[in-house]
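Worksheet: the structure to be examined is printed underneath.
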Ligand SMILES: [Zn+2]
């Protein structure tokens with residue numbers, strides 16, 4: 001007699017399409033996925049993908065925030081130049097804006113590297129940079 005429930009419990013070893021590592025999958029699922037042209041992805045790669053999505057959102061938000069801040073800083077510089085206030089340190093202001101845009105460039109570079117390599121090392125590096133950026137903001 002047909003017993004589809006017990007079929008589901010049978011596992012087979014398959015290779016992940018992304019990292020090539022072997023993992024266990026329900027028997028027959030691989031064939032179904034291949035027929036539907038779906039990727040066979042292991043748990044680790046799914047987790048990595050989720051982390052990347054979260055990071056990307058974080059970068060986009062921080063880029064938007066920093067852009068606003070840079071614009072605000074530039075407006076401030078313009079205002080102060082217009083009023084020619086003696087107390088205003090233009091050089092320091094420009095340095096701060098420069099530093100901020102360099103950090104931004106670096107974070108976008110790292111994000112591209114994460115995208116290209118899926119390397120955990122870059123994710124860690126990015127997280128550190130992001131924390132640093134947030135500290136500088138506050
Ligand atoms: Zn994988």
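A few comments on the model shown:
- Stretched out straight at 0.36 nm per residue, the stretch from residue 60 to residue 23 would grow longer than its current Cα-Cα span by 10.0 nm.
- Residue-averaged 222 nm ellipticity for the chain, from DSSP H runs of 4+ at -39500 (n - 2.57), nearest 500: -24500 deg cm²/dmol
- In degrees, nearest ten, helix 43-83 long axis to first principal axis of the chain (Cα): 10
- Nearest 10 degrees, 0 to 90: helix 90-117 Cα axis against the chain principal axis: 10
- Between 0 and 90 degrees, the angle of helix 120-137 with respect to the longest Cα principal axis of the chain falls at about 30 degrees.
- Residues residue 124 and residue 70, FRET efficiency given R0 of 22 Å [Cβ-Cβ distance, rounded to 0.05]: 0.25
- With contacts taken as Cα pairs under 8 Å at a separation of at least 6 residues, the chain carries a relative contact order of 15 percent.
Taken together, the values in this text are just the output of simple stated rules run on the coordinates, not laboratory data. Keep in mind that what you see is a predicted model, and the values were worked out from it rather than measured. All Cβ positions, even for glycine, are placed from backbone atoms using ideal geometry, and neighbour counts span all protein chains on display.
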